[in-house]
Amino acid sequence: MAYSPHTEADHRRMLDAVGVVSIEDLFADIPPAVRADRFAVPPPLTEQEVRGELSRLAGRNVLPRVSFLGAGAYRHLVPAVVGEVIGRAEFATAYTPYQPEVSQGTLQSIYEFQSMVCELTGMEVASASHYDGATATAEAALMACRLTRRDRIAVSSAVHPQVREVLRTYCSGPGIEIVEVPAELAEGGSGLTAPDAAASVLDDDVACLVAQQPNFFGGIEPMRELGEAAHVVGAQLVALVEPTSLAILEAPGGYGADIVTAEGQPLGIPLSFGGPYVGLMAARMASVRQMPGRLVGATRDAQGRKGYVLTLQAREQHIRREKAASNICTNQALCALAATAYLSAVGPDGLREVAQLSMTQARHTAAALEEAGLGERRFTAPYFAEVAVRVPGAARRHAALLERGILAGHPLWTDYPDLDDTLLLAATELTTDDDIAALVDALEATR
Amino acid sequence: MSVAERAGTVADASGRGAAFASPSAGEAATVVEPLIFEASAPGRRAVRFPQPSERARRVATGQPDLPAGSLRATAPRLPEVSELDLLRHFNRLSQLNHAIDLGFYPLGSCTMKYNPKVNEWAAALPGFAASHPVDPAASSQGSLELEWLLGELLREISGFAAVSLQPAAGAHGELTGMLMTRAYHRANGQGETRTRVLVPDSAHGTNPATASMVGYETVTIRSNERGGIDLDALRATLDERTAALMITNPSTLGIFEDQIDAVLSAVHEVGAIAYMDGANLNAILGRFRPGEAGFDVMHFNLHKTFSTPHGGGGPGAGPVGVGERLVPFLPGPQPILAEGDPDTVRRNAWAGRSTPGARFALEEPGSRPESIGRVRMHTGNFGMFVRAYTYIRSNGGAGLRAVSDDAVLAANYLRVRLADAYDLPYDRICKHEVVFSGRRQKRANGVTTLDIAKAILDHGIHPPTIYFPLIVEEALMIEPTETESLETLDRFVEAMHEIADRAGSDPGSLRRAPVTTPVGRLDEAGAARRPDLRHAFGETGAE
Ligand SMILES: Cc1ncc(COP(=O)(O)O)c(C=O)c1O
């Protein structure tokens, strides 16, 4: 074993104390009929060798020189101090704070995280974290079903396709029906979810409407009107939001969202091929007893010292077992800490700069392509930092650009067959004018 | 189990709850470390960002403006702090934690083993850390190969036919397993008739909670006097209404289910699915392969068995392995070897070489029409896969077997060394953990397991898991793991003896413990009665 502390003498002493001759004796309770027949795991490697193997694999990824790819995961600056904070072994090698007296670091940081999520979303209560934005959204939909005692949900087709897939998976078990609200994606359409379209599928069997702001195409949805359409029939509005956009866009609490979820990856978490990221969830205090996930609350000890504990645990699996609000146990605490450190590092002004610069560069990208006659925006609606652009011959040119180290966004026709020749281009604060010029030049060259 | 709820009820029942100063009493609390919001001053900054160029600003104005009604009126009150103050705040907070890297952490069922640092080095390699999950497969061959190889290793370790890496934690793996169970029965036309999931009374809370999440009814099966599942009770309950049995093996008592073959045949006889909670895999590496033994599905906890750091409560990863009959239902898309011979690719990778011409990809959408679909975005908690792969390759097959050998030896060592001081309800050879009971101390001295746990804190040691499993009165569930030296184990034994002695000589001191920690016992009942779940920014009325 690579990390064994035991000498031969230690082994002997322990075996003697236990009163057995060999370690084999400790496995005598495994019936011979079911013992492992084989275990062909390759031989151990030294640190030097294992570094070689991992370098080999990491080296097989070809990182693009210039990238406009977003589609739910964004390349942002991760300030060095964020890495420093989550690299602290006292955070990284602790577990769920079951013993609050020796877990105040984790607990207080979660309380700060909950406070920041409430500030960003304009909601009253935020959970300690979920696996990712999609599972948080699925759990929010199930929570809305419990709150309204209804068993259908409505979701806009402009919600991230992978989020809709996860919703379908989670709903398939308990047999919750999903109805889709078609967004206006036809030629010359807004690319948004029309409140009328939502209203036409909403009725008093529907627990919630799930909408995304900005939506999958970057478009700014009429969230207030969508919320009204839901509320008229007693359904809830579940708003899936992008956290940096909340520096500029109205807080969901302001437009009547009942449950807010988000993928927290843009807040200081590396792309890392899709995870670990962190799901955010916030709601109203009145719904807290149906909320899934851990919650941290402030309290005191007998000497009047302030301290933090896991609280309202009567919602959770270890207390309520089959009656729990969710089965979640381990969540994504260290990623929530990264988000907390990130939001502290950038502050309100920095977050606005990130949002504004991302938005400006997305517009710069679209304008540059239009100016050069290389493409045109597919939808009419205002957008945040991601934009759908139709580029003739997009499939061929996307592949050709990749050869030159330029990743021209996400091919939308892979999710929406009608959106032929349409690329979803994302910008962040890391997108430079040179990147945009490189994209334009490379597209020119593949005309 | 619930330190929190117990603390509340125990404190109230004994009248000690009254000792807590009421937060509404008016006096200000002493603060160990102020909230980061309190270090905030308008205009302070840690990080700055560039300004957009003139050209960017100019051309951007031609694009449609955001509708006025969609804009935020007031900025979020995030902290405004300098980088140094930020760092000091979190560093000071970190110092309030106990952690594996600081001391012994025998938290049963959680496998708090050493988290090797080379794993962190690997996960931070730019080729991995900057790899975008929606990248075309051509740019992500390294990530996809690593996922495929990890799947191959987990298959070999567990004896299952296939593995999905998607689930983000153990409970998420359980959900995936139960969704596949449901899909399997539906495909056989028994989706509506099989409505029950059987769960032993020793099971972790996530098992019944998972069953409910997929719409199943939970039926609890009692354990026998040896700590195994009661086979007669199981047989009497199993019928054509049973969708699955969820069983933890070794059990949460740290005991290998020695009638496991009988259990599996009884479950399969009625056409139900046998689910194994693999939280305790650290005990049986190289000794028992659940897939080979006949289980249909199991979740791994990479954050337990395969040394990925627990992160203060995650992230982890909870891949599932499945037998042949559940393969069609696995979540998708799966990372696959699209071109190349699997034996050659494996052989080369084990020798640290790439295979020319091999190509990895994600399955085409719709290629397995019976798949339950995605259980999360992207392909999983990839950063954890890098660490687990590094760990498995570092240990190799022989090393992994030795992991279990030493984990089991350490637990048995503690079992015999502590048996004189604490009751041992199931006195037999254990696997990676051992469950004692504090009932002797409770009856003789009025000292609860909670008191014992708090006294352990004053020895600089993290307490075992307490009050779980539920079938052991005043449970103390101890999992030492294989990476703790004999000296550490002996220090723990001394501490436990000192506490057992003190339960007789000075029980009051145990009820007052801990006294060396940054805060003492906290008023958890009060926290639940008056929830304070976010900073109030000096407003009144914030919840
Ligand atoms: C026996 C058992 N089953 C399931 C789980 C759930 O695993 P996770 O916390 O990774 O979701 C745990 C861990 O906490 C456990 O100990």
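The values are calculated or read from the model by the stated rules, or taken from the named source; none is laboratory data. Just so you know, these numbers come straight off a predicted model, no measurement behind them. When we count neighbours, we look across all protein chains shown, and the Cβ atoms used for this are built from the backbone with ideal geometry, even at glycine. The accessibility values were calculated without ligands, DNA or RNA, using every heavy atom of the protein model including side chains. Shrake-Rupley method; radii C 1.70, N 1.55, O 1.52, S 1.80 Å.
Within segment A:251-268, how many residues turn out to be of a type outside the set (Gly, Ala, Ser), open to solvent by 10 Å² or more (accessible area, probe 1.4 Å) and in contact (Cβ under 8 Å) with a residue 60 or more places away in the chain? Steps first, please.
Here is the first cut: in segment A:251-268, the residues of a type outside the set (Gly, Ala, Ser) are A:252, A:255, A:258-261, A:263, A:265-267.
Subsequent filtering for residues that are open to solvent by 10 Å² or more (accessible area, probe 1.4 Å) retains A:255, A:258, A:263.
After this cut, where a residue has to be in contact (Cβ under 8 Å) with a residue 60 or more places away in the chain as well, the list is A:258, A:263.
Number of matching residues: 2.
Could you please find all residues in segment B:359-370 being open to solvent by less than 80 Å² (accessible area, probe 1.4 Å) and free of Cβ contacts under 8 Å to residues at least 60 places away in the same chain? Quick ask: steps written out before the conclusion?
Initially, segment B:359-370 is screened for residues open to solvent by less than 80 Å² (accessible area, probe 1.4 Å), giving B:360-363, B:366-368.
Within segment B:359-370, B:Glu363, B:Gly366, B:Ser367, B:Arg368 meet the criteria.
Can you confirm whether segment A:335-355 contains a residue that is more than 7 Å from every other protein chain (Cβ to nearest Cβ), within 16 Å of the ligand (Cβ to nearest atom) and within 30 Å of B:Gly205 (Cβ to Cβ)?
Within segment A:335-355, one or more residues are more than 7 Å from every other protein chain (Cβ to nearest Cβ), within 16 Å of the ligand (Cβ to nearest atom) and within 30 Å of B:Gly205 (Cβ to Cβ).
Which of the residues spanning segment B:43-77 are among the β-branched types (Val, Ile, Thr) and either open to solvent by 30 Å² or more (accessible area, probe 1.4 Å) or more than 7 Å from every other protein chain (Cβ to nearest Cβ) (or both)? Spell out how you get there, then give the answer.
Quick first cut of segment B:43-77, residues among the β-branched types (Val, Ile, Thr) only: B:47, B:59, B:61, B:74.
Across segment B:43-77, the qualifying residues are B:Thr61, B:Thr74.
Just need a number here: residues in segment B:307-345 that are within 14 Å of the ligand (Cβ to nearest atom) and more than 12 Å from chain A (Cβ to nearest Cβ).
Number of matching residues: 2.
Given the condition touching a residue at least 24 places away in the same chain (Cβ under 8 Å), more than 7 Å from chain A (Cβ to nearest Cβ), crowded, with 20+ Cβ neighbours inside 10 Å and touching a Phe, Trp or Tyr at 6+ places or on another chain (Cβ under 7 Å), answer yes or no: does some residue in segment B:374-383 qualify?
Looking for residues that are touching a residue at least 24 places away in the same chain (Cβ under 8 Å), more than 7 Å from chain A (Cβ to nearest Cβ), crowded, with 20+ Cβ neighbours inside 10 Å and touching a Phe, Trp or Tyr at 6+ places or on another chain (Cβ under 7 Å), one finds none in segment B:374-383, hence no.
For residues in segment B:264-278 being without any contact (Cβ under 8 Å) to a residue 60 or more places away in the chain and either within 16 Å of the ligand (Cβ to nearest atom) or among the aliphatic types (A, V, I, L, M) (or both), which is most open to solvent (accessible area, probe 1.4 Å)?
Initial filter on segment B:264-278 (without any contact (Cβ under 8 Å) to a residue 60 or more places away in the chain): B:264-270, B:274, B:276.
Narrowing further to those that are either within 16 Å of the ligand (Cβ to nearest atom) or among the aliphatic types (A, V, I, L, M) (or both): B:264, B:266-267, B:270, B:274, B:276.
Details: B:Leu264: 8, B:Ala266: 10, B:Val267: 0, B:Val270: 39, B:Ala274: 1, B:Met276: 0 Å².
Once the filter is applied, the top-ranked residue is B:Val270.
Name the residue, out of A:Leu77, A:Leu26, A:Leu63, that is facing chain B (nearest Cβ under 7 Å), under 30 Å from A:Ala427 (Cβ atoms) and of a type outside the set (D, E, K, R).
On the way: A:Leu77 fails: facing chain B (nearest Cβ under 7 Å); A:Leu26 fails: under 30 Å from A:Ala427 (Cβ atoms).
Sole residue among the options that is facing chain B (nearest Cβ under 7 Å), under 30 Å from A:Ala427 (Cβ atoms) and of a type outside the set (D, E, K, R): A:Leu63.
Residue-wise test of (1) modelled with pLDDT of 95 or more; (2) closer than 29 Å to B:Ala137 by Cα.
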site: A:Ser4; (1), (2): no, no
site: A:Ile30; (1), (2): yes, no
site: A:Arg35; (1), (2): yes, no
site: A:Arg38; (1), (2): yes, no
site: A:Glu53; (1), (2): yes, yes
site: A:Asn61; (1), (2): yes, yes
site: A:Pro64; (1), (2): yes, yes
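Select, from A:Val20, A:Val41, A:Val34, A:Val50, the only residue that is open to solvent by less than 30 Å² (accessible area, probe 1.4 Å) and more than 7 Å from chain B (Cβ to nearest Cβ).
Details: A:Val41 fails: more than 7 Å from chain B (Cβ to nearest Cβ); A:Val34 fails: more than 7 Å from chain B (Cβ to nearest Cβ); A:Val50 fails: more than 7 Å from chain B (Cβ to nearest Cβ).
Criteria check complete, one pass: A:Val20.
Taking helices (runs of 4 or more DSSP H) that do not extend beyond segment A:143-253, which have at least 3 residues that are under 24 Å from B:Met178 (Cα atoms)? Give the steps one after another, and end with the answer.
Working: elements: A:161-172, A:195-201, A:223-232.
Fully inside segment A:143-253 and qualifying: A:161-172.
To keep it simple, each residue is scored yes or no on (1) out of contact with any Cys (no Cβ under 8 Å at 6 or more places or on another chain); (2) over 28 Å from A:Asp203 (Cα atoms); (3) buried (at least 24 other Cβ atoms within 10 Å of the Cβ).
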| position | (1), (2), (3) |
| --- | --- |
| A:Pro100 | yes, yes, yes |
| A:Gln104 | yes, yes, yes |
| A:Ala134 | yes, no, yes |
| A:Glu177 | no, no, no |
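Give me a count of the residues in segment B:30-52 that are in contact with a His (Cβ under 8 Å, 6 or more places away or on another chain) and under 28 Å from A:Gln356 (Cβ atoms).
Count: 5.
Residue under question is B:Glu257, and the condition is that it be facing chain A (nearest Cβ under 10 Å), within 14 Å of the ligand (Cβ to nearest atom) and in contact (Cβ under 8 Å) with a residue 24 or more places away in the chain; does it hold?
Numbers: facing chain A (nearest Cβ under 10 Å): yes; within 14 Å of the ligand (Cβ to nearest atom): yes; in contact (Cβ under 8 Å) with a residue 24 or more places away in the chain: yes.
Taking the combined requirement at face value, the residue satisfies it.
Could we say that B:Glu473 is assigned to a helix (DSSP H, G or I) and either open to solvent by 50 Å² or more (accessible area, probe 1.4 Å) or touching a residue at least 60 places away in the same chain (Cβ under 8 Å) (or both) here? Talk me through it step by step, then tell me what you get.
Values: assigned to a helix (DSSP H, G or I): no; either open to solvent by 50 Å² or more (accessible area, probe 1.4 Å) or touching a residue at least 60 places away in the same chain (Cβ under 8 Å) (or both): yes.
Answer is no for this residue.
Can you find even one residue in segment B:279-301 that is within 11 Å of the ligand (Cβ to nearest atom) and part of a loop (DSSP other than H, G, I, E, B)?
Within segment B:279-301, one or more residues are within 11 Å of the ligand (Cβ to nearest atom) and part of a loop (DSSP other than H, G, I, E, B).
Within segment B:118-137, is even one residue more than 7 Å from every other protein chain (Cβ to nearest Cβ), crowded, with 23+ Cβ neighbours inside 10 Å and of a type in the set (Ser, Thr, Tyr)?
no
Of (1) open to solvent by less than 10 Å² (accessible area, probe 1.4 Å); (2) at the interface with chain B (Cβ under 7 Å from one of its Cβ atoms); (3) touching a residue at least 40 places away in the same chain (Cβ under 8 Å), A:Glu124 satisfies all except one. Which?
(1)
Out of the residues in segment A:307-319 meeting the condition of being within 15 Å of the ligand (Cβ to nearest atom) and outside any loop (DSSP other than H, G, I, E, B), tell me which one is nearest to B:Leu35 (Cα to Cα). Walk me through how you get there before you give the answer.
Of the residues in segment A:307-319, the ones within 15 Å of the ligand (Cβ to nearest atom) are A:310, A:313, A:316-319.
From what is left, the residues that are outside any loop (DSSP other than H, G, I, E, B) are A:310, A:313, A:317-319.
Values: A:Leu310: 17, A:Gln313: 23, A:Gln317: 30, A:His318: 29, A:Ile319: 30 Å.
Filtering segment A:307-319 for residues that are within 15 Å of the ligand (Cβ to nearest atom) and outside any loop (DSSP other than H, G, I, E, B), the one nearest to B:Leu35 (Cα to Cα) comes out as A:Leu310.
Exactly one of these conditions fails for A:His76: (1) out of contact with any Pro (no Cβ under 8 Å at 6 or more places or on another chain); (2) open to solvent by less than 40 Å² (accessible area, probe 1.4 Å); (3) not aliphatic (A, V, I, L, M). Give me its number.
Condition not satisfied by A:His76: (1).
State whether one or more residues within segment A:386-408 are facing chain B (nearest Cβ under 10 Å), crowded, with 24+ Cβ neighbours inside 10 Å and in a loop (DSSP other than H, G, I, E, B).
Looking for residues that are facing chain B (nearest Cβ under 10 Å), crowded, with 24+ Cβ neighbours inside 10 Å and in a loop (DSSP other than H, G, I, E, B), one finds none in segment A:386-408, hence no.
Here is a list of conditions, (1) within 14 Å of the ligand (Cβ to nearest atom); (2) closer than 29 Å to B:Ala123 by Cβ, and A:Val296 meets all of them except one; can you say which number that is?
(1)
Tell me, which helices (runs of 4 or more DSSP H) wholly within segment B:163-250 include 3 or more residues that are away from the ligand (no atom under 15 Å from the Cβ), at pLDDT 95 or above and open to solvent by 10 Å² or more (accessible area, probe 1.4 Å)?
Passing ranges, in order: B:170-187, B:231-237.
Failed condition for B:Ile429, given (1) in contact (Cβ under 8 Å) with a residue 60 or more places away in the chain; (2) facing another protein chain (nearest Cβ under 7 Å), with all others met?
(1)
Taking the condition touching a residue at least 60 places away in the same chain (Cβ under 8 Å) and touching a Ser or Thr at 6+ places or on another chain (Cβ under 9 Å), does B:Val434 pass?
No, not satisfied.
Go through the residues of segment A:146-155 one by one and say whether even a single one is facing chain B (nearest Cβ under 7 Å) and among the hydroxyl-bearing types (Ser, Thr, Tyr).
Of segment A:146-155, the ones facing chain B (nearest Cβ under 7 Å) are none.
Checked against the condition, which is being facing chain B (nearest Cβ under 7 Å) and among the hydroxyl-bearing types (Ser, Thr, Tyr), segment A:146-155 yields no hits at all.
Among the residues of segment A:297-306, is any at negative phi and more than 7 Å from chain B (Cβ to nearest Cβ)?
Initial filter on segment A:297-306 (at negative phi): A:297-303, A:305-306.
Retained after the next criterion (residues that are more than 7 Å from chain B (Cβ to nearest Cβ)): none.
Scanning segment A:297-306, I find no residue that is at negative phi and more than 7 Å from chain B (Cβ to nearest Cβ), so the answer is no.
Is segment B:497-512 home to any residue that is under 28 Å from the mean Cα position of the chain (by Cα) and in contact (Cβ under 8 Å) with a residue 40 or more places away in the chain? Steps first, please.
Within segment B:497-512, the first condition is being under 28 Å from the mean Cα position of the chain (by Cα), and the residues that meet it are none.
No, segment B:497-512 has no match at all.
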